Amino acid sequence: MDIREIRVEDLNVDRFIGEKTKEIASIVGSGTAVNALSGGVDSSAVTMLAHRALGTRVKTYFVENGIMREGEPQRVVSIFEKLGVPVELVDAKEAFFRALRGVTDPELKRQAITDTFYKDVLARLVRSSGARHLLHGTNYTDVEETVAGIKRQHNILEQLRIDTQKEYGYKVIEPLIELRKTGVRMVAKALGLPKEIYDRPPFPGPALAARVIGEVTSERVEIVRKATKIVEEELAASNAFQYLAVLHEDRVTGIRGGKREFGSQIGVRCFDSTDAVTATPTRLPFETLERLGQRIPAEVHGVVSVTYNVTRKPPTTIEAV
Ligand code: XMP
């Protein structure tokens, strides 16, 4: 890897913000740029840096891909509105579900999401806005894991030798590429983002599609979305690094209303970790697990079984896909 990491002990946040703001302004010159905001700490920090550097010459989009958590698009747009940053919500649900139709292989799923996002939706937005640059929140760990071949992070392009100019029609600017998550969080805080953004638990780029085993349809995403909401409510006070719900592909026999129901299974995962590189399943109180076991089948249509993952990373990974 030919990118130099800036470790947190060497990070001077104000100087970093000053330098990156200048750099962005100089690369974009008198042109315009776009960036896509997901509400994650990386894209949020990039959005703030871009607006500092370019003002009204950067246009920020939130791409509604149909695989976000409940209420997420509206919540993120309203947080940025309060910060004086206008965000345009783009409805691209159909394009994503079309690309995901029939795809069950994990890497192909990630590939379908990457291609839809960059080649289809963003390329169209960049073209129609006349921008030549896309700003983008790639961080050092994303590059490292992708280059190591562990998991293709959906936002890695140039490190995989993808010529974005040739393939998608725009150049990519990656102001956070030398930082790991802790550094990005420090920068995000200094840029005035609220705690719910700079301290947000991690959430994967491929969103809920990373938590649906087998085909990702809007119906199956809705199941995992509802289960995710319950898991997030119940485990918010757990202090864990990350917690999530996974929808399995296999179905099992259950009983509802005295009748046999051949239903879905949700796997709950909750991990203690500091860097996501290794992780240990959180020793949740059994009462908490029981509450999840009761609430999920009661509130999510068609679910008859809830399990808890007790395997460490490695060999497991935090996300299921
Ligand atoms: P895994 O599943 O590889 O996840 O153990 C490690 C951490 O990374 C997050 N994750 C992603 N983040 N784009 C992201 O921005 C992705 O494609 C992606 N996949 C996994 C995951 O939620 C965990 O925190």
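Every number in this text was worked out from the coordinates using simple rules, so none of it is lab data. Nothing here was measured: the structure is a model prediction, and the numbers come from that model. Positions of Cβ are backbone-derived with ideal geometry, glycine not excepted, and every protein chain shown enters the neighbour counts.
With r as the distance between the Cβ atoms of GLU94 and PHE262 and R0 = 35 Å, compute the FRET efficiency 1/(1 + (r/R0)^6) and round to 0.05.
Details: r = 30 Å, r/R0 = 0.85.
That gives a FRET efficiency of 0.75.
At a 10 Å Cβ-Cβ cut-off, how would you order ASP10, ASP199, fewest neighbours first? Walk me through the intermediate numbers first.
Details: ASP10 9, ASP199 12.
Ascending Cβ contact count within 10 Å gives the list ASP10, ASP199.
About the Cα centre of the stretch 74-213, what is the dipole size in debye to 20, counting +1 per Lys and Arg Cβ and -1 per Asp and Glu Cβ, all else neutral? Intermediate values should be presented prior to the final figure.
Details: 23 positive and 18 negative charges, 42 e Å.
The dipole magnitude comes to about 200 debye.
What FRET efficiency, computed as 1/(1 + (r/R0)^6) with R0 = 25 Å and r the Cβ-Cβ distance, is obtained for ARG124 and GLU5, rounded to the nearest 0.05?
On the way: r = 34 Å, r/R0 = 1.36.
For ARG124 and GLU5, the calculated efficiency is 0.15.
Order these peptides, 204-217, 306-319, 36-49, by their mean beta-carbon neighbour count within 10 angstrom, highest first. Don't jump to the answer; show the numbers that get you there.
Values: 204-217: 22.6, 306-319: 15.0, 36-49: 25.0.
Per-residue mean Cβ counts within 10 Å order the peptides as 36-49, 204-217, 306-319.
How large are Rg and Dmax for the stretch 235-305 when only the alpha carbon atoms are used, in Å?
For the stretch 235-305, the Cα radius of gyration and maximum Cα-Cα distance read 14.2, 46 Å.
Can you put LEU284, LEU122 in order, fewest other beta carbons within 10 Å first? Kindly include the intermediate steps, with their values, before the conclusion.
Details: LEU284 18, LEU122 24.
Ordered by Cβ neighbours within 10 Å, fewest first: LEU284, LEU122.
Given 5 Å bins starting at zero, what is the percent of C-alpha pairs of the stretch 1-112 in each, up to the one with the largest pair distance?
For the stretch 1-112, the binned pair fractions read 2, 10, 16, 17, 16, 14, 13, 8, 2, 0 percent.
Calculate the length of the line joining the C-alpha centroid of the stretch 70-94 to that of the stretch 25-43, in whole Å.
Between the Cα centres of the stretch 70-94 and the stretch 25-43 lies a distance of 16 Å.
Using the charge dipole of the stretch 1-60 (Lys, Arg: +1 at Cβ; Asp, Glu: -1 at Cβ; taken about the Cα centre), state which of PHE16, ILE3, ASN35 has its Cα farthest towards the positive end.
Going by the charge dipole, the pick is ASN35.
Which of the lysines could a cross-linker bridge to LYS195, judged by Cα under 19 Å and excluding same-chain residues fewer than eight apart?
LYS82, LYS181
What distance in nm lies between label points placed 7 Å from Cα along the C-beta direction at ALA190 and ARG251?
So the label points at ALA190 and ARG251 sit 5.4 nm apart.
Could you tell me which residue out of GLY267, TYR243, THR278 lies farthest along the dipole of the stretch 240-290 toward its positive end? Charges go on the beta carbon: Lys and Arg +1, Asp and Glu -1, centred on the Cα centre.
Among GLY267, TYR243, THR278, the one farthest towards the positive end of the dipole of the stretch 240-290 is GLY267.
Mind ordering 129-139, 76-86 by average Cβ neighbours within 10 Å, highest first?
Details: 129-139: 21.0, 76-86: 14.6.
Listed from highest to lowest mean packing, they are 129-139, 76-86.
So if I place +1 on the C-beta of Lys and Arg and -1 on the C-beta of Asp and Glu, and nothing else carries charge, what would the dipole magnitude of the stretch 1-135 be about its Cα centre? I want it in debye, nearest 20. Write down the numbers at each step before the final one.
Working: 20 positive and 19 negative charges, 84 e Å.
For the stretch 1-135, the charge dipole is close to 400 debye.
Would you work out the charge dipole size for the chain about its Cα centre, treating the Cβ of every Lys and Arg as +1 and the Cβ of every Asp and Glu as -1, and quote it to the nearest 20 debye? Could the numbers behind the result be given before it?
Numbers: 46 positive and 44 negative charges, 76 e Å.
With only Lys, Arg, Asp and Glu charged at Cβ, the dipole is about 360 debye.
Calculate the radius of gyration of the Cα atoms of the chain to one decimal place, then report Dmax, the largest Cα-Cα distance, as a whole number, both in Å.
20.1, 69
To the nearest 10 degrees, how steeply does helix 13-28 sit against the main Cα axis of the chain, on a 0 to 90 scale?
70 degrees
Whole Å is fine, so just give me how far the alpha carbon centre of the stretch 175-215 lies from that of the stretch 221-258.
Spelled out, the Cα-based centre of one part sits 22 Å from the other.
Taking LYS93 as the anchor, which aspartates and glutamates have their alpha carbon closer than 16 Å to its alpha carbon, excluding any fewer than eight residues away along the same chain?
Result set, ordered by chain and number: GLU64, GLU70, GLU72, ASP115, ASP120, GLU215, GLU219, GLU222.
Restricting to DSSP H runs of at least four residues, report the calculated mean residue ellipticity at 222 nm for the chain, -39500 (n - 2.57) per run over all residues, nearest 500 deg cm²/dmol.
Numbers: 12 runs with 125 residues, N = 321.
Counting only the DSSP helices, I get -11500 deg cm²/dmol.
Contour minus end-to-end for GLU299 and ALA236, with contour as 0.36 nm per residue of separation and end-to-end as the Cα-Cα distance? Walk me through the numbers on the way to the answer.
Working: separation 63, 0.36 × 63 = 22.68 nm, distance 1.84 nm.
Once the chain is fully extended between GLU299 and ALA236, it gains 20.8 nm.
Among the aspartates and glutamates, which fall within straight-line cross-link reach of LYS313, defined as a Cα-Cα distance under 15 Å, with same-chain neighbours fewer than 8 residues apart omitted?
Within the straight-line cut-off, LYS313 pairs with GLU145, ASP272, ASP275.
Give me PHE97, PHE62 ranked fewest to most by other Cβ atoms within 10 Å of their Cβ, as a rough exposure proxy. Let's see the in-between values first.
Values: PHE97 17, PHE62 22.
Going from sparsest to densest Cβ surroundings: PHE97, PHE62.
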